[in-house]
Amino acid sequence: MKRKHIVGNWKMNGSAVVIDDVLDQLLKQTLPADVSVCVPSPYLQRAGERLAGSSLRLGAQNVSEHGDGAYTGEVSARMLRDVGCHLAIIGHSERRRYFAETDESVMNKLARLLEVGLFGVVCVGETLAERDGGRAEAKIESQLAQLHTLMARGATPKRFCVAYEPIWAIGTGRAASLEQIAQMHEFIKRCLGASYAVLYGGSVKAVNAADILALSAVDGVLVGGASLDAKEFGEICRAAS
Ligand code: PEP
């Protein structure tokens with residue numbers, strides 16, 4: 001059986017002290033999954049040094065859609081690789097909502113990651129109104145459409161995965177049902193190909209992780225709030241075994 005991927009998204013939370021503490025606690029645990037932690041960008045270098053030589057992978061929460069150059073405030077894919085990142089989350093619904101990211105900019109960001117050999121975790125998800133209106137699959141299909149251009153240029157399942165994150169489930173304590181998750185993951189695999197990994201994100205906690213991770217179409221989980229608690233995040237990782 002393939003190992004599941006567990007990705008923690010710390011969002012704009014934490015401090016040097018908190019990050020050292022959570023990473024040290026995680027490093028002491030046995031984690032039977034491929035585990036990554038996406039820390040805020042000012043702490044990437046510090047976290048990278050702490051994780052060096054361990055099996056825990058370092059990730060970013062965003063990347064510039066541009067290469068190095070005159071883009072004040074941006075962080076390029078090459079810089080992320082320089083500080084030890086293996087992957088970056090792109091197209092998170094919070095970035096689409098608050099920073100006007102589009103499917104096109106998400107595709108450009110994935111292209112920049114692939115150019116420097118980093119792995120992309122591409123987030124997609126529908127609003128509650130879209131789900132209630134029967135438009136969830138159409139929304140996801142449209143968000144995935146641009147990826148086909150990169151897939152045609154060699155973006156294989158080794159280079160990126162998709163995180164299905166229904167917007168109504170993020171940070172609400174209301175995870176999607178197992179049936180909703182299974183249906184959408186199977187749909188995404190039909191759109192992209194069965195070998196592309198699909199993670200689920202949206203109110204994953206220690207209490208529901210085992211049931212979600214047991215679904216055959218679920219290749220892992222993207223965890224927000226619960227990933228800042230080393231004990232709970234460790235339990236989620238162990239639920240993958
Ligand atoms: C997320 O931010 O990607 C997320 C899934 O958050 P939470 O687990 O807190 O719902």
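Quick note: the coordinates plus some simple rules give every number you see, no bench work behind them. The model shown is predicted, which means the values in this text are computed figures rather than measured ones. Counting neighbours? That spans all protein chains shown, and the Cβs are built from the backbone with ideal geometry, glycine included.
If you filter segment 212-232 down to residues that are out of contact with any strand residue (DSSP E or B) (no Cβ under 6 Å at 6 or more places or on another chain) and in a helix (DSSP H, G or I), you find that the one that is surrounded by the most Cβ atoms within 10 Å (Cβ to Cβ) is 213.
For segment 9-32, a residue qualifies if it is within 16 Å of the ligand (Cβ to nearest atom) and touching a helix residue (DSSP H, G or I) at 6+ places or on another chain (Cβ under 7 Å), and the qualifying residues are 9, 10, 13, 14, 22. I'm trying to understand the selection: among the residues of segment 135-180, which are exposed (fewer than 14 other Cβ atoms within 10 Å of the Cβ) and away from the ligand (no atom under 16 Å from the Cβ)? Scanning segment 135-180 gives 138, 142, 145, 148, 149, 152, 153, 154, 156, 158, 179. Selection of segment 1-37 for residues being within 12 Å of the chain's Cα centre (by Cα) and either more than 19 Å from residue 213 (Cβ to Cβ) or surrounded by fewer than 14 Cβ atoms within 10 Å (Cβ to Cβ) (or both) yields 10, 11.
Checked against the criteria, residue 196 counts as more than 16 Å from the ligand (Cβ to nearest atom), surrounded by 15 or more Cβ atoms within 10 Å (Cβ to Cβ) and within 17 Å of residue 2 (Cα to Cα). For residue 209, state whether it is outside any strand (DSSP E or B), in contact with an Asp or Glu (Cβ under 6 Å, 6 or more places away or on another chain), farther than 19 Å from residue 128 by Cα and among the small types (Gly, Ala, Ser). No. Only residues that are in contact (Cβ under 8 Å) with a residue 60 or more places away in the chain and not in a loop (DSSP other than H, G, I, E, B) were counted in segment 98-144, giving 3. Just one of the listed residues (129, 88, 145, 138) is more than 19 Å from residue 185 (Cα to Cα) and out of contact with any Gly (no Cβ under 7 Å at 6 or more places or on another chain), and it is 129.
In segment 76-96, how many residues are within 15 Å of the ligand (Cβ to nearest atom) and free of Cβ contacts under 8 Å to residues at least 40 places away in the same chain? Going through segment 76-96 one residue at a time, the tally reaches 3. Close contacts from segment 1-17, counting a first residue that is on the phi > 0 side of the Ramachandran plot and among the hydrophobic types (A, V, I, L, M, F, W, C) and a second that is within 10 Å of the ligand (Cβ to nearest atom) and assigned to a loop (DSSP other than H, G, I, E, B), with Cβ to Cβ under 8 Å and a gap of 6+ residues or different chains, come to none at all.
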